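The values are calculated or read from the model by the stated rules, or taken from the named source; none is laboratory data. Since the model is a prediction, treat every value here as computed from it, not as a measurement. Cβ sites come from the backbone with ideal geometry, for glycine too, and all protein chains shown count toward neighbours. Protein only, heavy atoms only, side chains kept; ligands, DNA and RNA dropped before computing areas. Shrake-Rupley method; radii C 1.70, N 1.55, O 1.52, S 1.80 Å.
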Amino acid sequence: MAATETRMILKYVDQSEYDNSIDCYIRHGGYEVLKKAVQRKPEELAQEVTDSQVRGRGGAGFPAGMKWSFLDRKSGKPIYLICNADESEPGTFKDRQIIYKDPHQLIEGMMISAYATRTKLAFIYIRGEMYDGARILEKAIEEARSKGFVGDNICGSDYGCDIIIYRGAGAYICGEETGLIESLEGKRPYPRIKPPYFPAVLGLYQCPTIVNNVETFCHIKIIAEIGGKEFLKIGTPNNTGTRIWCVSGDVQKPGYYEFPCAAITLGELIYEVCGGLFPGRTLKAVIPGGSSAKVLRADERYKGKLKDGSEFDWSINDIPLDFDSVAACGSMSGSGAVIVMDDTRDMVEVLGNINEFYAHESCGQCTPCREGSLWMKKITTRMSYGDARPEDADLLLDIAKQIEGRTICAFGEACAWPTMSFVSKFKDEFVTKAQNKSTQNSLI
């Protein structure tokens, strides 16, 4: 564990004496927050979440309390709660640490959230490839049920809620909340049009539904414990609480690290926490929030204004790690997946790898995404194999711009933004590919 970390969610994870059993969790104070929560009014707990300003940790960063406030309670329909554990964004591996090593923390957070939103049935939609994770959660839920923390009369109260595990089939699009809901209903996971299908109004089985991420539910437990106003003191305004950052790529110590929002810069994360780059190499680029986030070039200066009106002029190493600062630099913190690339990386091949992934994962519902993602993949694959053409860079940009903003869900942006940013920031490499081919042809 890095010396500068502030572990709240990962407090006991990776400690040698800690395991994922309920007995161990209870010895470390587990379910005490739930016991106190069910003695309070649900609306009080919901207000604590709103007061905390906690934002969702799944990618979009939407305020959790605001999302809960949109629940349609006038319809008289049952309310459902869904945990999005379909962690599929390339470079992201934080949620599975919680699922595998501290599942009861997730369950407690879900039960508190269910009580606060008056939900009687909750689901955990887990990525299909996480076989062991699903088994661990099934066991943990049974353990919690046997001790009265899940099911009827939770903690001796008159409130009851159950949790059902649902395994996905390995589709990236199921990370999108309405696609997930369609899959949970047994259908092909085509995302729904919003409006009118906002989950808080027309979600699972056309009933009001809350969908939150694994890490978000763990924050709910902390908020219920210390209070929303106290949680506000962690991090900065509009960027409260801690975040778990998953670091991969060309660093000496890749891994998952938890810090208060804005308490550390991108440079500090790379060079101090992750041990820096490998000897003799220099930083070339960073993707700060999963493969769908726009790439940041290492030698660029980032200038602009933050939401509070303050101006900034940062190098890539100076960028504070929070939602707003990364967004102000033209990218997003997304799922917290930081992918580091050094000067040995061919950016055409890196983009080709990303494009191959998105072409494979497009659900096919929207024509711009279905056709465009495959077209971009074919171009970058051809370029990577030495058959680049002078017009390829501009053609890639044109295709990406025809996808962005023209699809039902955000997958269109997810597959377009990498191409737009890679080509814009590293156009010289794309042009050089074509020039090298032309030179080789002239020598034949």
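Work the Kirkwood hydrodynamic radius out for the stretch 240-339: mean of 1/r over every pair of different alpha-carbon atoms, inverted, in Å.
Radius from the Kirkwood sum: 13.4 Å.
Using alpha-carbon positions, what is the distance between the centroids of the stretch 279-350 and the stretch 189-244, in Å?
So the two Cα centres are separated by 25 Å.
Relative to the compact-globule scaling 2.2 N^0.38 Å, provide the ratio for the alpha-carbon radius of gyration of the stretch 347-435.
0.98
For Cα pairs less than 8 Å apart in space and 6+ apart in sequence, what is the mean separation divided by the residue count of the chain, i.e. the relative contact order in percent?
16
Provide the percentage of antiparallel DSSP beta bridges, counting only those with both residues in the chain; round to the nearest 5.
Antiparallel: roughly 50 percent of the beta bridges in the chain.
Please check: in the Gaussian network model of the chain (C-alpha springs, under 10 Å), which one of Cys363, Cys218, Cys24 has the largest mean-square fluctuation.
Checking each option, the largest mean-square fluctuation is seen for Cys24.
Would you work out which of Phe323, Leu269, Ser292 lies farthest towards the positive end of the dipole of the stretch 240-339, given +1 charges on the beta-carbon of Lys and Arg and -1 on that of Asp and Glu, about the Cα centre?
Final value for the positive-end residue is Ser292.
I'd like to know which of Ala85, Thr119, Tyr100 lies farthest towards the positive end of the charge dipole of the stretch 44-148, counting +1 on Cβ of Lys and Arg and -1 on Cβ of Asp and Glu.
The Cα lying farthest towards the positive end belongs to Thr119.
Percent of accessible area on the stretch 76-141 owned by carbon and sulfur, 1.4 Å probe?
Percent of accessible area from carbon and sulfur atoms in the stretch 76-141: 52.
I'd like to check one number: the per residue accessible area of the stretch 54-187, probe 1.4 Å, reported in Å² as a whole number.
Here the residues of the stretch 54-187 average 37 Å² of exposed surface.
Return, for the Cα atoms of the stretch 22-233, the radius of gyration and Dmax in Å, separated by a comma.
15.8, 46
Which one of Arg55, Arg301, Arg127 has the biggest mean-square fluctuation once the chain is modelled by GNM with Cα springs under 10 Å?
Result for the chain, Cα springs under 10 Å: Arg301 fluctuates most.
For Glu300, Glu272, give me the order by solvent-accessible area with a 1.4 Å probe, most accessible first, ignoring ligands, DNA and RNA.
My answer, sorted largest first, is Glu272, Glu300.
Nearest 5 percent is fine: what portion of the DSSP beta bridges confined to the stretch 61-211 is antiparallel?
5
Once you list every other residue whose beta carbon is under 15 Å from the beta carbon of Ala285, what net charge do they have if Lys and Arg are +1 and Asp and Glu are -1?
Neighbourhood net charge equals -1.
Taking the Cα centre of the stretch 347-435 as the origin, how large is its charge dipole in debye, to the nearest 20, when only Lys and Arg (+1) and Asp and Glu (-1) carry charge on their Cβ atoms?
100
What is the sum of charges, Lys and Arg at +1 and Asp and Glu at -1, for the other residues whose Cβ falls under 14 Å from the Cβ of Glu272?
So the environment of Glu272 carries a net charge of -2.
Give me the 1.4 Å probe accessible area per residue for the stretch 347-435, excluding ligands and nucleic acids, in Å².
Spelled out: the 1.4 Å probe surface of the stretch 347-435, per residue, equals 44 Å².
Who wins for biggest fluctuation among Ser69, Ser325, Ser333 in a Gaussian network model of the chain, springs between alpha carbons below 10 Å?
The residue with the greatest mean-square fluctuation here is Ser69.
Report, in debye and to the nearest 20, how large the dipole of the stretch 12-159 comes out about its Cα centre when Lys and Arg carry +1 and Asp and Glu carry -1 on their Cβ.
With only Lys, Arg, Asp and Glu charged at Cβ, the dipole is about 580 debye.
Name the long-range amide H neighbours of Asn213: under 5 Å, sequence gap of 5 or more, or other chain; modelled H, no Pro or chain starts.
Arg57, Gly58, Asn84
Which trypsin sites (Lys or Arg not before Pro) does the stretch 224-290 hold that lie in a coil by DSSP with at most 15 other beta carbons within 10 Å?
The qualifying sites are Lys233, Arg281.
Could you point to the label whose value was computed as semi-axes √(5λ) of the Cα gyration tensor in Å for the structure here, given [x] 44, 24, 20; [y] 35, 32, 27; [z] 39, 25, 20?
Recomputing semi-axes √(5λ) of the Cα gyration tensor in Å here gives the entry labelled [z].
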